[in-house]
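Asks: Following this message is one structure expressed as structure tokens.
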Amino acid sequence: MSRIRLEVGSEPFPGLKLVQLRGRGGFADVWEAIDSKGERIAVKFMASRNSESSVKEMRIIQSIQKLSHRNLLRIYQVWSIPGYIVVSMELADGSLLDLLDVYLQEYSSPLGAPLAIAYLKQAAEGLDFLNGRQHEFENRKVGFQHCDVKPSNLLLSGEVVKLADFGLCTPLVALQSSYSRAGTLDFSAPEVHRGYLAETSDQYALAVTYYYLRTGRFPFLVKQTSFNREYSYSRPAPDLGLVNPGEKLVLERALELEPTKRWPNCTTLMAALDHATQLPDAEPSPSSAEKQFVGATARY
């Protein structure tokens, strides 16, 4: 059986009509679609080549589907068709990356600390719920590391932030575990480059996300174009000079090379950043641009 056609107006299967492409990555396309009830949803088509890994990936996404949290994007269905794993889910208004683009275009400025913190506090709550070793998977209690935390995977539904894209989610039953897949280079914790995950790997990516939303830049240069796993991999000290000294101290801990030296969880990290921005040397934030955000296209 040949692969389905992914194009505007096509019906990959009965009861689902594709409306417009909302995002495209190296291994997946996300479409806005109309379902059999006439409702608009998002549908992700993930390229599937290895049957064994695809089965495991489906089991993980199906486990995430059972979870309910205000800050996790709702997953409706997960199924397999020739060449793809397909995930139907809640359609969001846009992403924090879209919001950053609005700020940069309209105000020539990234997000101010109060706005970035308000949104990422919500993301932190979703991550701590996901990371907590309280979920059933293959008859074990596990925590799930998201493994691809970044602004484009933090979606907005109104003013609610929802963590999305669970294709790289990995169950964790110990403080650390081997990990053979890859996330997004610029946001990945150093241990991911070494071939393992820790309970604070998502926290590291959240800290990079915060700095990127606050400054429009990454805290370090990543010269690699692909993962080259090596046990001795180490990133240089981050350059955090574009935020105030209090924020810098908080982020330095979250970006520790040794995972156990980071903050206890993501919520604690964001609370520390909130406190740091209340200090006298904290800079004022730019005017809000949320109204300019209405109708922004989501980049999942």
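The values are calculated or read from the model by the stated rules, or taken from the named source; none is laboratory data. The structure displayed is predicted, hence computed values, not measured ones. Heads up, the Cβs are rebuilt from the backbone with ideal geometry, glycines too, and the neighbour counts pull from every protein chain shown.
Asks: Pairs under 7 Å by beta carbon, first residue in a loop (DSSP other than H, G, I, E, B) in the range 248-266, partner aliphatic (A, V, I, L, M), six or more apart or different chains?
Replies: Leu255/Ala207; Arg262/Ala254; Trp263/Ala254; Trp263/Leu269; Trp263/Ala272
Asks: Of the residues in the range 158-181, how many are closer than 23 Å to Ser68 by Cβ and surrounded by fewer than 16 Cβ atoms within 10 Å (Cβ to Cβ)?
Replies: 4
Asks: Check Arg24 against each of (1) over 16 Å from the mean Cα position of the chain (by Cα); (2) basic (Lys, Arg); (3) at pLDDT below 95 and name the one condition it does not meet.
Replies: (1)
Asks: Give just the number: which of (1) out of contact with any Phe, Trp or Tyr (no Cβ under 8 Å at 6 or more places or on another chain); (2) surrounded by 14 or more Cβ atoms within 10 Å (Cβ to Cβ); (3) modelled with pLDDT of 95 or more does Phe227 not satisfy?
Replies: Exception for Phe227: condition (3).
Asks: Taking the stated definitions as given, is Gln20 polar (S, T, N, Q) and part of a strand (DSSP E or B)?
Replies: yes
Asks: Does Thr209 qualify as being under 30 Å from Val102 (Cβ atoms) and under 13 Å from the mean Cα position of the chain (by Cα)?
Replies: Yes: the conditions hold for Thr209.
Asks: Could you tell me whether any residue of the range 189-200 is assigned to a strand (DSSP E or B), over 27 Å from Val86 (Cβ atoms) and in contact (Cβ under 8 Å) with a residue 12 or more places away in the chain?
Replies: Scanning the range 189-200 turns up at least one residue that is assigned to a strand (DSSP E or B), over 27 Å from Val86 (Cβ atoms) and in contact (Cβ under 8 Å) with a residue 12 or more places away in the chain.
Asks: Further question: Please work out if Phe137 is touching a His at 6+ places or on another chain (Cβ under 7 Å) and assigned by TED's automatic domain parsing to the domain that holds Tyr212. Full working, then the answer.
Replies: Values: touching a His at 6+ places or on another chain (Cβ under 7 Å): no; assigned by TED's automatic domain parsing to the domain that holds Tyr212: yes.
For Phe137, the condition - touching a His at 6+ places or on another chain (Cβ under 7 Å) and assigned by TED's automatic domain parsing to the domain that holds Tyr212 - is not met.
Conditions (1) closer than 27 Å to Gly94 by Cα; (2) out of contact with any Gly (no Cβ under 8 Å at 6 or more places or on another chain); (3) modelled with pLDDT of 95 or more, marked per residue:
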{"residue": "Tyr204", "(1), (2), (3)": "yes, yes, yes"}
{"residue": "Ala207", "(1), (2), (3)": "yes, yes, yes"}
{"residue": "Lys223", "(1), (2), (3)": "no, yes, no"}
{"residue": "Leu251", "(1), (2), (3)": "yes, yes, yes"}
{"residue": "Glu256", "(1), (2), (3)": "no, yes, yes"}
{"residue": "Trp263", "(1), (2), (3)": "no, yes, yes"}
{"residue": "Ala282", "(1), (2), (3)": "no, no, no"}
{"residue": "Ser285", "(1), (2), (3)": "yes, no, no"}
{"residue": "Ala298", "(1), (2), (3)": "yes, no, no"}
